[in-house]
Amino acid sequence: MPLMKTCPRCKALIPYGKTYCERCEPLIQAEREAQKKKRDRRYNRQRDKRTERFYNSQRWRMTSRLFLNRNPKCAWCGGTATEVDHIEELKTPEGWARRWDESNFRPFCTDCHNKRHNRFVKREPRGRVKKV
């Protein structure tokens, strides 16, 4: 008799090597797909189509590559720059008007660019006050 364990969802006995029983597996897959669609919708809602087209354009790719060749150091930490940041953000009318102006560019490494835009910042649990 093969070694058995319990399904984490319904506690039915299942053989080792499987995560869920036959009844729970399709339900778990459906939940995962629903969560993925929800995440994708939330992410895509934050994006502006005009800005997305700009960053995907060949002209921007060439311009940013040339700028990084001339400015290889990160403006904040001095490490190797891998991304070009717009000082005046493209979301503003002034930033959109200056999108090709190199005086509006700044070289950043990925970590500093993420810090600048507060990306991937771990949030404090609700009810807790962050210690300063």
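Every number here is computed from the coordinates shown, using simple stated rules; none is lab data. Remember, predicted model here, so these are calculated numbers, not experimental data. With ideal geometry, Cβ positions are generated from the backbone for all residues, glycine too; neighbour counts draw on all protein chains shown.
A few notes on this one:
- For the chain, the 222 nm mean residue ellipticity estimated from helices alone, with every DSSP H stretch of n ≥ 4 adding -39500 (n - 2.57) and the total spread over all residues, rounds to -13000 deg cm²/dmol.
- Principal-axis tilt of helix 58-70 within the chain, Cα atoms, nearest 10 degrees: 70 degrees
- Normalised by the number of residues in the chain, the mean separation of alpha-carbon contacts (under 8 Å, six or more apart) gives a relative contact order of 14 percent.
- Prolate/oblate/rounded call for the stretch 57-116, Cα gyration tensor, a/c under 1.5 rounded: oblate
- Using C-alpha pairs under 8 Å with a sequence gap of at least 6, the mean separation divided by the residue count of the stretch 57-116 gives a relative contact order of 35 percent.
- Between the entries (1) -0.39, -0.47, -1.23; (2) -0.67, -0.73, -1.18; (3) -0.32, -0.38, -1.16, the label attached to log10 I(q)/I(0) by the Debye sum over Cα atoms at q = 0.11, 0.12, 0.20 Å⁻¹ calculated for this structure is (2).
- Relative packing of peptides 99-106, 60-67 - highest average C-beta neighbours within 10 Å first: 99-106, 60-67
- Sorted by Cβ density within 10 Å, fewest first, the residues Cys24, Cys10: Cys10, Cys24
- Computed extension length for Lys73-Gln35: 9.8 nm, one decimal, from 0.36 nm per residue of separation with the Cα-Cα distance subtracted.
- The packing ranking of peptides 76-87, 12-23, highest mean first, is 76-87, 12-23, where packing means the average number of other beta carbon atoms within 10 angstrom of each residue.
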